[in-house]
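As structure tokens, the structure follows; a few thoughts come after it.
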Amino acid sequence: MTHDILTHERLTRRAFLKGAGSLVVTFTFLPQRSSAADAAAPGKSVATNAVDGFIEIHPDNTVTIYSGKVDLGTGVRTAITQIASEELDMPLTAVSVIQGDTLTTPDQGVTFGSLSIQVGGMQIRQACATARAVLVQRAAERFKVPASVIKTHEGQCWNGSERVPYATLIETEGLILKVDPKALLKAPADYVIVGRSVARLDIPGKVTGRFEYMQDFRLPGMLHARVIRPAGVHAELLSVDDSAARKLPGFVATVREGNFLAVVSRTEWGAIQASQAIRPVWSDWQGLPEQDKLWAYVRNTAVSKSEDLQKVGDPAAVLQQSPKALRATYDFAIHTHGSIGPSCAVAEWKDGKLTCWSASQQTHLLRKQLAQMMKVPDADVRCIYIDGSGCYGRNGHEDAAADAVLIAKVVNQPVRVQWMRADEHGWDPKGPPTLLDFAGAVDETGHIAAWSSQAYIPQRPAQVSVTLLTADLANMPHEDAHPGNVHQALAIGYQVPNLKTTVHSLSHTPFRASWIRAPGRMQNTFGNESFMDELAHAAGGDPVAFRLSHLNDARGRECLERVARLAQWQPRTTPASTEGDVVRGRGVSYIKYELVRTYVAVVADVEVHRKTGKIRVTHFYVAHDCGQIINPDGLKNQLEGNIIQTISRTLLEEIKFDRSHITSLDWKSYPILTFPEVPTIAMDLIDRPNEKPWGAGEPTASVVPSAIGNAVYDALGVRLRSVPFTPQKVMQAMRTTI
């Protein structure tokens, strides 16, 4: 790797290479972080099969839990605290959680897919159960009684009136032992913390303004940098004139590596000024499709692989012969993550080692990517998670981290990179465009006789990661982008005698793709549940009853029936015929997430203004079954967030672009839902304490677009098949129907 660096002193390449260090592991944490991580770091296990990988009991009888899964504003930290506190019989106030530090926390995988509790939390639960069993055995030996008579309470083992703190029981032997997958978990009937609402641990700091986000983090002697982005997605940097920037107070350096260009200053404002003063010349690149021809572009993109997810009977033959065959095409726009706080990261190299502070949801994976990019061993890289202001998937946090790492290496000082709104909207990876074709038929009994669906989606590389933008621009080692298993949820859980669901994996997509909340599941469910509604109306059936007639999953049926009761659903077989400028309707949608977990059924109530085409969602009803509920209040937070954000994505959000780059670079050109537009939300949480807990971060989002579209049909008698449901599309649909 080589760099072009221009400073006041005009450093030569030889001088830079002589003076540049590699990377250093430091132990600087935000004030809110437990000092336990610093003390434990040098020799602490991070193995996922080791009890001491997850748990540390301190001399004061408090406990630190080390979690590879991180809290992205979703309440995971609180839920994990509850799980550990419950299983260890510790007071909540005695348990703290350290997250996403690659030096001290086990690699439990990326925080995505609604798996933080289902997988990460259960690993911690089993480790805690193992620890408790060992502590009980040690107490029994200490008291010379059978283990069966020992009780645990408030971080102590009791033998009648005698008691011993956990800290005493680990003084000589510690907790260096393997997680026992057969260690007996507490019976749900004995729970005193899990299953009860606990106030989110992060909320007080956020309400009072004392919570420290990644954007607030500082290091002594830290410099500030801004990256200057290309004029086109793949434009080449031809030349740079930084003479005006170098005259600004505090200017430190211009960093160029291939098409990567950045300026460094002693202050953030100085970096902003320098980024505006520098004069790069870029090649004229215009390789994006025309936006108004996007769906033709997607349909004509080369297919690298086609895969049948379900294949039963002969739907093609039935469709050919059926007098009630329907066909429909749905599309789902390109979305950005729209994080409220633009991405930020800090990096420091010392003694050949790197420490990077980031709001990444994948610190262990980021560590590997940064090591690959910088050509250093993984062991020489430490990534430390700090809460970011917004995430919702793989947004720009990892790219900002890579920016900071490269620049810090060049200038040999700690560097903070703060993206700006245009960086975030213009350059974070996107939720890819999705095109779906459906065909179906109903028979004389009012049931589905045949169902055929085809999805056109980006291919999924083997490596579950997303290309680092920095590495791409600087021509450094990197991997292909991964959109997030976007084939999921195309397969349906309804009983259909002739069924075929097919995924066509496309060789490329217009923008760098990544996972964004409910990736693929939202788009595919939009098609599935909208088409299910179309078939219901074609059969003359009520949308709820029609779904129930094709569903033999008892938990799924209960979920649908409970949301119908919650919403006081009245059977409807034809669209409403309300007169007036404002018409009202309601729609239903249902999913068993990925056909293996978390059931959700929703009803949306909408108002549509006939003269403007504007849709307003007034009420949302949710029945939710994710098995065992850890924190009911936290679950409600999750569901509300899913619904509000996805209403925004359904009604408003769409990336705009020309042939060179994204043009929707602010909140005016990429609007999101406002507070007055938030609907009333009612929930029926189905708690199953004796079942395994499943995730709740994504499933509800997946059913929101179809519920709204089905409600609009109920109100207007017109079908919306293209997200977002803008007023222009509503008016066009009304004109077409008339």
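Descriptive notes on the structure:
- Residue match in the range 276-285 (condition: more than 31 Å from the chain's Cα centre (by Cα) and in a helix (DSSP H, G or I)): yes
- Restricting attention to the range 138-148, the residues that are buried (at least 18 other Cβ atoms within 10 Å of the Cβ) and of a type in the set (Val, Ile, Thr) total 0.
- Some residue of the range 676-699 being under 17 Å from Gly393 (Cβ atoms), touching a Leu at 6+ places or on another chain (Cβ under 6 Å), part of a helix (DSSP H, G or I) and not basic (Lys, Arg): no
- Single condition Leu535 does not satisfy, out of (1) of a type outside the set (Lys, Arg); (2) surrounded by fewer than 20 Cβ atoms within 10 Å (Cβ to Cβ); (3) within 24 Å of Ser706 (Cα to Cα): (2)
- Verdict on Ile193 being under 25 Å from Ile629 (Cα atoms) and β-branched (Val, Ile, Thr): yes
- Per-region count, the range 686-729, residues crowded, with 18+ Cβ neighbours inside 10 Å, among the basic types (Lys, Arg) and under 26 Å from the mean Cα position of the chain (by Cα): 1
- Hey, Ala296 of a type in the set (Gly, Ala, Ser), without any contact (Cβ under 8 Å) to a residue 12 or more places away in the chain and either within 30 Å of Val405 (Cα to Cα) or not in a strand (DSSP E or B) (or both) or not: yes
Every residue, every condition in (1) over 20 Å from the mean Cα position of the chain (by Cα); (2) charged (D, E, K, R); (3) assigned to a loop (DSSP other than H, G, I, E, B); (4) not assigned by TED's automatic domain parsing to the domain that holds Ser85, yes or no:
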residue	(1), (2), (3), (4)
Val603	yes, no, no, yes
Thr612	yes, no, yes, yes
Tyr621	yes, no, no, yes
Gly627	yes, no, yes, yes
Leu639	no, no, no, yes
Gln645	no, no, no, yes
Glu653	no, yes, yes, yes
Arg659	yes, yes, yes, yes
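- Taking every residue in the range 344-360 that is more than 17 Å from Gln215 (Cβ to Cβ) and pairing it with any residue that is outside any loop (DSSP other than H, G, I, E, B) and modelled with pLDDT under 95, at least 6 positions away or on another chain, yields no pair with a Cβ-Cβ distance below 7 Å.
- Failed condition for Trp158, given (1) part of a loop (DSSP other than H, G, I, E, B); (2) surrounded by 15 or more Cβ atoms within 10 Å (Cβ to Cβ); (3) at pLDDT 95 or above: (1)
- Taking residues in the range 251-279 that are within 22 Å of Asn475 (Cβ to Cβ) and free of Cβ contacts under 8 Å to residues at least 60 places away in the same chain, and partners anywhere that are among the acidic types (Asp, Glu) and surrounded by fewer than 23 Cβ atoms within 10 Å (Cβ to Cβ), the pairs with Cβ atoms closer than 6 Å and at least 6 places apart or on different chains are Ile278/Asp242.
- Filtered residue count, the range 693-708, keeping only those that are under 13 Å from Val588 (Cα atoms) and small (Gly, Ala, Ser): 3
Residue by residue, here is whether (1) farther than 23 Å from Val723 by Cα; (2) of a type in the set (S, T, N, Q) holds:
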{"residue": "Gln459", "(1), (2)": "no, yes"}
{"residue": "Val503", "(1), (2)": "no, no"}
{"residue": "Gly540", "(1), (2)": "yes, no"}
{"residue": "Arg557", "(1), (2)": "yes, no"}
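- Selected residue (criterion: surrounded by the fewest Cβ atoms within 10 Å (Cβ to Cβ)) from residues of the range 372-384 that are part of a helix (DSSP H, G or I) and in contact with a Leu (Cβ under 8 Å, 6 or more places away or on another chain): Asp380
- Taking the range 523-563 as the range and being out of contact with any strand residue (DSSP E or B) (no Cβ under 7 Å at 6 or more places or on another chain) and over 22 Å from Thr700 (Cβ atoms) as the test, the residues that pass are His537, Gly540, Gly541, Asp542, Ala545, Ser549, Asn552.
- The test for being farther than 30 Å from Lys247 by Cβ, surrounded by fewer than 24 Cβ atoms within 10 Å (Cβ to Cβ) and at pLDDT 50 or above holds for Thr62.
- Among the residues listed as Ser304, Ser322, the single one being under 29 Å from the mean Cα position of the chain (by Cα) and of a type in the set (S, T, N, Q): Ser304
- Restricting the first member to the range 632-660 and to residues that are under 22 Å from Ile83 (Cα atoms), and the second to residues that are in a helix (DSSP H, G or I), the beta-carbon pairs closer than 8 Å and six or more apart or on different chains are Gly634/Thr78; Gly634/Ala79; Gln638/Thr700; Leu639/Thr700.
- Qualifying residue in the range 533-554 (condition: in contact with a His (Cβ under 9 Å, 6 or more places away or on another chain) and either polar (S, T, N, Q) or more than 24 Å from Gly446 (Cα to Cα) (or both)): yes
- The residues listed here are Arg246, Arg226, Arg218; of these, the one that is loosely packed, with under 15 Cβ neighbours inside 10 Å and either touching a Pro at 6+ places or on another chain (Cβ under 7 Å) or modelled with pLDDT of 95 or more (or both) is Arg218.
- Test: Asp605 is within 24 Å of Leu685 (Cβ to Cβ) and in contact with a Gly (Cβ under 7 Å, 6 or more places away or on another chain): no
- Checking Leu551, Leu560 one by one, the residue that is part of a loop (DSSP other than H, G, I, E, B), touching a residue at least 40 places away in the same chain (Cβ under 8 Å) and within 30 Å of Gln638 (Cα to Cα) is Leu551 and no other.
- Cβ-Cβ under 7 Å pairs, at least 6 apart or on other chains, the range 563-577 side in contact (Cβ under 8 Å) with a residue 60 or more places away in the chain, far side in a helix (DSSP H, G or I) and of a type in the set (Gly, Ala, Ser): Ala576/Ala715
- Exclusive hit being surrounded by fewer than 16 Cβ atoms within 10 Å (Cβ to Cβ) and under 28 Å from the mean Cα position of the chain (by Cα), set Lys151, Lys206, Lys178, Lys182: Lys206
- Residues in the range 321-351 that are of a type in the set (Gly, Ala, Ser), outside any strand (DSSP E or B) and modelled with pLDDT of 95 or more: Ala333, Ser343.
The values are calculated or read from the model by the stated rules, or taken from the named source; none is laboratory data. Note that the structure is predicted; figures quoted are calculated from it, not measured. Note: ideal-geometry Cβ built from the backbone for every residue, glycine included; neighbour counts use all protein chains shown.
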